Every structure is written in C-alpha cells, then in structure tokens.
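This report refers to the structure that appears directly beneath it.
The values are calculated or read from the model by the stated rules, or taken from the named source; none is laboratory data. Predicted, not measured: the structure shown is a model, and the values here were computed from it. Methodologically, a virtual Cβ is constructed for each residue, glycine included, from the backbone with ideal geometry; neighbour enumeration extends over all protein chains shown.
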Amino acid sequence: MKRGTKMLSVFVVAWALGLPAWAQVKELPTQTITISGSIETIDQGKRAMNIKTANGEFVAVNVPESVKRFHDLKVGDHVKATYNNNVIVRLKPPGEPDINTAATEYSKGGQSNPSQVQLMMRKMTASIVGIDRGASSISFEGPNGWKYSRRVVDPTVFDQVKVGDKVDITWNTDLTLSVE
C-alpha cells in the first residue's frame with residue numbers, strides 16, 4: 001500500500017502543479033523526479049525493492065511485471081529510477097461526457113542492462129466539490145471516490161470556476177529503472 005501511495009503521490013503532485021495557472025487548456029512543464037541509490041532489500045515475490053539513497057532515505061519501488069530481468073537484480077546493486085510527469089488540465093465544457101482511462105506500455109533495456117521504461121497515461125474527469133476563498137483552496141472528486149484538495153496560488157482562478165464545474169486531467173508519466 002505504501003509503495004502504491006508513493007507512485008500516486010507523484011501523479012497528484014504533478015497534476016496539482018497545474019492549478020495555480022488555470023487556463024482553458026494548460027500544459028505544464030515536465031516534472032522529473034529521480035531516485036538513485038543501492039538496493040537494500042528486494043522481494044522477488046512481490047516485485048518490490050527498497051532503495052537507500054545517498055542521504056540515507058529509503059524509497060520503496062514496485063517493479064513492473066514486464067521487467068523480465070528483475071531476477072538479476074540483487075541487494076547492493078546501484079539503481080536509478082526516474083519519473084517524468086507531463087500534465088495537461090482543461091476546464092470541461094458543460095454536457096461533455098466524463099472520461100476515466102488509463103493505459104500502460106513498456107519498453108525493454110539492452111542485453112547487458114536489466115533496464116525498463118514504463119509509460120503510463122491517465123485521463124480523468126474530476127468535479128469541483130468545494131471552493132474556500134478564505135483558505136485559498138479548491139476540492140475535487142473524481143472516479144472511484146478519488147478526492148483531493150489543493151491550495152490555489154493564483155486568486156483569479158476563483159473567478160473562472162464554480163462548484164459543480166468539471167475539469168479533465170491528463171497526465172503522462174514515464175518511469176525508467178536502470179542498473180548503474
């Protein structure tokens with residue numbers, strides 16, 4: 001659960017960065033997060049590992065099923081996981097159908113390096129369920145009970161939206177895992 005929360009947090013942070021600069025359609029700069037360190041623990045059955053970074057922090061990483069050479073990884077290997085997040089936020093016109101899709105693709109590394117790139121694309125419609133001008137925040141609710149509140153930096157956003165409005169969020173994330 002904690003490992004899934006880490007990945008979801010990366011998505012939510014990337015998506016949330018779009019709210020301060022609200023526009024009809026707004027593409028945000030790519031956000032890149034890199035985790036580098038040595039494998040401290042590895043669970044072959046769960047396809048999970050803990051990476052110890054240079055500053056001593058432990059980060060849990062789930063390894064996709066498509067990484068065929070996962071069994072070649074071992075405690076002590078130095079690895080790098082890089083997440084690139086590209087986010088687009090769009091105010092949805094009234095009457096347009098909701099969306100809720102996700103797709104994942106994989107590409108393999110070379111023969112000498114068990115690297116893997118995982119590409120994920122998520123599109124969803126979320127409704128604005130609360131606006132708190134005093135706290136400068138907006139609350140959203142999406143499919144499957146997904147809920148999120150975000151502090152809004154740009155106060156002009158409040159003049160452009162209202163409770164009940166819908167937004168489409170599209171984010172593309174690629175995860176590259178490689179042995180160094």
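Points to keep in mind about this one:
- Residue ID - farthest from Asn172 (Cα to Cα), chosen from residues in the range 55-84 that are part of a loop (DSSP other than H, G, I, E, B) and at pLDDT below 80: Arg69
- Residue match in the range 134-143 (condition: closer than 22 Å to Pro93 by Cα, surrounded by fewer than 13 Cβ atoms within 10 Å (Cβ to Cβ) and modelled with pLDDT of 85 or more): yes
- Taken over the range 123-179, the criterion of being part of a loop (DSSP other than H, G, I, E, B) and either of a type in the set (S, T, N, Q) or without any contact (Cβ under 8 Å) to a residue 12 or more places away in the chain (or both) is satisfied by Gly134, Ser136, Gln160.
- Residue match in the range 154-166 (condition: buried (at least 17 other Cβ atoms within 10 Å of the Cβ), under 30 Å from Ile35 (Cα atoms), out of contact with any Phe, Trp or Tyr (no Cβ under 7 Å at 6 or more places or on another chain) and modelled with pLDDT of 85 or more): no
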